[in-house]
1. Give me the one-decimal nm value for the distance between modelled label points at Glu128 and Val113, 7 Å along each residue's Cα-to-Cβ direction.
2. So for region 155-215, averaging the separation of alpha carbon pairs under 8 Å that are six or more residues apart and normalising by length, what relative contact order in percent results?
3. Would you please put 23-31, 162-170, 211-219 in order of how densely packed they are, using the mean number of other Cβ atoms within 10 angstrom per residue and starting with the highest?
4. Kindly rank 195-203, 228-236, 65-73, 259-267 from highest to lowest mean number of other beta carbons found within 10 Å of each residue.
5. Helix 211-228: angle to the longest alpha-carbon principal axis of the chain, degrees 0 to 90, nearest 10?
6. Taking a cut-off of 21 Å between Cα atoms, list the lysines near Lys75, but don't count ones fewer than 8 places away on the same chain.
7. Just need the Rg to Rh number for region 117-250, please, alpha carbons only, Kirkwood Rh.
8. Would you kindly compute the Cα radius of gyration of the chain and its largest Cα-Cα separation (Dmax), both in Å?
Amino acid sequence: MATRALLIQSRRHFSNGAIQNVTMVGGGLMGSGIAQVAAQAGNNVTILEVGQEQLKNAQNIIGQSLGRVAKRLHKDDPNAANKFIEETTSRIQGVTDLARSVENSDLVVEAVVENMELKHKIFKELDEAAPQKTLFASNTSSLSIAEIGSVVQRKDRFGGLHFFNPVPVMRLLEVIRTPDTSEQTHQTLMRWGKSIGKTCVTCKDTPGFIVNRLLVPYLAEAARMLERGDATAEDIDTAMKLGAGHPMGPLELLDYTGLDTGVFIMEGWHRKYPDNPLFKPVELQKKLVAQGRLGRKSGRGFYDYRKL
Ligand code: CAA
């Protein structure tokens, strides 16, 4: 990642509109990454998780990633690197109590599993507990923002903030507005995204927004290509890296983001839009998931990571 963007992320400044206190609901890979970049930019971040074990996991993810960022920012100055890590970490706290997590919150970002019922339950409770001023956003990558926000009273203060994995490295933020999202909310979310070092783009509340609408069908076609026996996994990935300049080939990227995630997204879209051939789930991908080959996180996907 460009050092300039890292520097923006790490600069302590408070010019991000009204937003100073951020609540991160869910401390998995995406939630931890979002919490980290917000804290790097000077926000106070409260991570809400279901238990201490999950909070510990979030702390580990953030600790490892901060180490990498600090190394890049302060490669010749270990003291400055340690100070950066300590200051950023001191702005992050973990809690398991939902009401406490939003006491002073300006912005809540939700990044729990892609389950509409669960998101509804959480947002209903948050809506009752949070101050009126608090803005709500979901980091969903495949569900409708309006449908997620249908359970809250503050529909004008609800939008989408879609980050990319790994969050501390990827520079894009998709800011999604529904027909109910107010202009003021949208502008505040855009300003906040910029203040944490991201380049923001806007998209309507459509399946996959911009990136996943293009990326998911492309990744699926790569898996179909392998399924048809047109080329080997290695050659498909090499081709897209060297022929299209992508940092990862499509099958490597599917392994990186999780084959189960890919199947889940495609199945959801296919159910909703059965006539769109781009959304048809890939049998090979489903078969690998059924075998527990989920990608990097399970040690095996299209490739075998167990010996690495
Ligand atoms: N935290 C902090 N820094 C990290 C990091 C992390 N989690 N992961 C990588 N880095 C840093 C490394 O420290 C390294 O820094 P230096 O150059 O200073 O050493 C730099 O990033 C490059 O990392 P690596 O050398 O380990 O490996 P790489 O050059 O292959 O880059 C990558 C790794 C950034 C992941 C790159 O391969 C890449 O950009 N891949 C594409 C990722 C992508 O497409 N993401 C979007 C997925 S879709 C999505 O997220 C949407 C969704 O809804 C599912």
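1. Placing both labels 7 Å along Cα→Cβ, they lie 2.4 nm apart.
2. That works out to 33 percent.
3. 23-31, 162-170, 211-219
4. By packing density, highest mean first, the sequence is 259-267, 195-203, 65-73, 228-236.
5. Compared with the principal axis, the helix lies near 20 degrees.
6. Straight-line reach from Lys75, under 21 Å: Lys83.
7. 1.08
8. 19.6, 58
The values are calculated or read from the model by the stated rules, or taken from the named source; none is laboratory data. Owing to the predicted nature of the structure, the values given are computational and were not obtained by experimental measurement. As a convention, Cβ positions derive from the backbone with ideal geometry for all residues, glycine included, and neighbour counts pool all protein chains shown. Keep in mind that these areas ignore ligands, DNA and RNA; they rest on the heavy atoms of the full protein, side chains included. Shrake-Rupley method; radii C 1.70, N 1.55, O 1.52, S 1.80 Å.
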